[in-house]
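Written out below as structure tokens is the structure these notes cover.
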Amino acid sequence: MSSKKKVIAVVITTVALTVGSVGFSQAASKPMGGGHAAHHAAKDAEHEARQALVSTTIGVDSATVRARLAAGESLGAIAGAKKAELIAVLVADHTKRIDADVTAGKLTAAQATTLKAELTAHVTAKVDRVGGKGGPEMGEGRKGDKGDKGGRGHHGGPGMGGMGKAPKIPATAGSPS
């Protein structure tokens, strides 16, 4: 091999190693699981906001609501005369979340329409359900609670929340059935 070819080979090898090590160091400097932690932080904030919404609507502090749910009362029973108002507020909150998911591209308009059509009945069933550990809208399925998921925490989303199966969402055009 001529000396020119050896020099070119050394230069190419050096460049390749430099580029590879820069990429590796950039990847290594990013915290692992950052997206996972951010997801949990967002879910925790959403959960706290929903607890505050329930407490404010029915006029009972979150700790008392959680204690009464754990004692076997339903959220509807705790709300008393404000049950209808609570259902309306929760439906509006879920509708806002569904609309945000459509805007973010997580749901199609058709899927949102299907979820919204069943939303009032779904929320009413959750409010009337006896909660047990945390109960509906107030901690069900949170860190360590087994709920309906067989030991795996459930974070839910539009149409979810530990009530069993979510409403059927129509498939979008071109997606596998």
Inset, instruction - Answer yes or no as to whether THR103 is modelled with pLDDT of 90 or more, surrounded by 12 or more Cβ atoms within 10 Å (Cβ to Cβ) and not charged (D, E, K, R). - result: no
Legend entry - LEU69 surrounded by 15 or more Cβ atoms within 10 Å (Cβ to Cβ) and touching a strand residue (DSSP E or B) at 6+ places or on another chain (Cβ under 9 Å): yes
Inset, instruction - Collect the residues in region 53-88 that are in a loop (DSSP other than H, G, I, E, B), at positive phi and free of Cβ contacts under 8 Å to residues at least 24 places away in the same chain, keeping them in residue-number order. - result: GLY59
Legend entry - Residue in region 72-100 that is surrounded by the most Cβ atoms within 10 Å (Cβ to Cβ), counting only those that are among the small types (Gly, Ala, Ser) and within 18 Å of ALA49 (Cα to Cα): ALA79
Inset, instruction - Check region 26-45 and report whether any residue there is more than 30 Å from ASP101 (Cβ to Cβ), at pLDDT below 65 and surrounded by 10 or more Cβ atoms within 10 Å (Cβ to Cβ). - result: no
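The values are calculated or read from the model by the stated rules, or taken from the named source; none is laboratory data. All values reported here derive from a predicted model rather than from experimental measurement. Counting neighbours? That spans all protein chains shown, and the Cβs are built from the backbone with ideal geometry, glycine included.
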